[in-house]
Amino acid sequence: MNFKIEELVFDERGLIPAIVQDAANHQVLMLAYMNLDSLRQTLKTGETWFWSRSRKQLWHKGETSGHTQRVVDMRIDCDGDAMLITVERQGPACHTGKDSCFHNGLEGERFQPGTGPERFDGGLDDLCALLASRYHERPKGSYTTQLFDEGLEKVLAKVEEESHETIVAGRNETNQRLIEETSDLLYHLLVLLVQRGVTLAEVRAELARRRNAKKK
């Protein structure tokens, strides 16, 4: 949070849009608006406060539902007229009970939530965010939903199966086959992490701890 409040550009209503992002998996949770008072309350309490444009008053996220958001980081964009707030959340961000407010696909478009093959933007964090949404929403027709529905033992069996196939590919098959089997193994390992409630951030923290221990 290395910016000054004076650098923020509020609109004619005294508001600035604030995008809220999950610190664990980088999922975009919601878009809300802040004014100067709500920003100061956020900085003071360490939890998100916003300005309700409909009620014309400050609101503390989770005050009634208990689904609070502890602030991990706050950043502004290059123009100073939008904010990105990274949080650790307690419960869903959306009033509908969904993890994210951005859970509706555009009607009539080819790729709607719960249809077609699994999609992500290419990074493991993006894939984890997708898997977490499958875990909570369980859309029909999703292979990931099927895994979660069948339970932990099924997921563990798939990890064991893909581990063996990766070993075989590494020993006897082409590099392309090794890439394919490694991708399958990584996918099922991430499903296991989501099933057990473990985040990639926790895995990274353990790797960093080991690296720092070796340096000492």
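The values are calculated or read from the model by the stated rules, or taken from the named source; none is laboratory data. Just so it is clear, the structure is predicted and the values come from calculations on it, not from any experiment. For neighbour counting, all protein chains shown are included, and Cβ atoms are generated from backbone atoms with ideal geometry for every residue, glycine included.
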What is the residue count in segment 51-60 for residues that are surrounded by fewer than 22 Cβ atoms within 10 Å (Cβ to Cβ) and under 25 Å from the mean Cα position of the chain (by Cα)? 3
Note: among L178, L193, L186, just one is over 16 Å from the mean Cα position of the chain (by Cα), surrounded by 13 or more Cβ atoms within 10 Å (Cβ to Cβ) and in contact (Cβ under 8 Å) with a residue 40 or more places away in the chain, namely L186
Could you say whether any residue in segment 108-122 is touching a Ser or Thr at 6+ places or on another chain (Cβ under 8 Å) and either at pLDDT 85 or above or not in a loop (DSSP other than H, G, I, E, B) (or both)? no
I'm checking my understanding of the structure. Among residues of segment 172-213 that are closer than 19 Å to H26 by Cα and not in a helix (DSSP H, G or I), which one is modelled with the lowest pLDDT? T199
Looking at (1) buried (at least 17 other Cβ atoms within 10 Å of the Cβ); (2) within 20 Å of R89 (Cβ to Cβ), which one does E202 not meet, given that it meets all the others? (1)
Select from segment 152-205 the residues that are over 20 Å from A129 (Cα atoms) and of a type in the set (V, I, T) and list them in ascending order. T166, I167, V168, T174, I179
Sole exception among (1) at pLDDT 95 or above; (2) surrounded by fewer than 18 Cβ atoms within 10 Å (Cβ to Cβ) for T166, by number: (2)
What number of residues within segment 64-90 are surrounded by 12 or more Cβ atoms within 10 Å (Cβ to Cβ), out of contact with any helix residue (DSSP H, G or I) (no Cβ under 7 Å at 6 or more places or on another chain) and without any contact (Cβ under 8 Å) to a residue 60 or more places away in the chain? 8
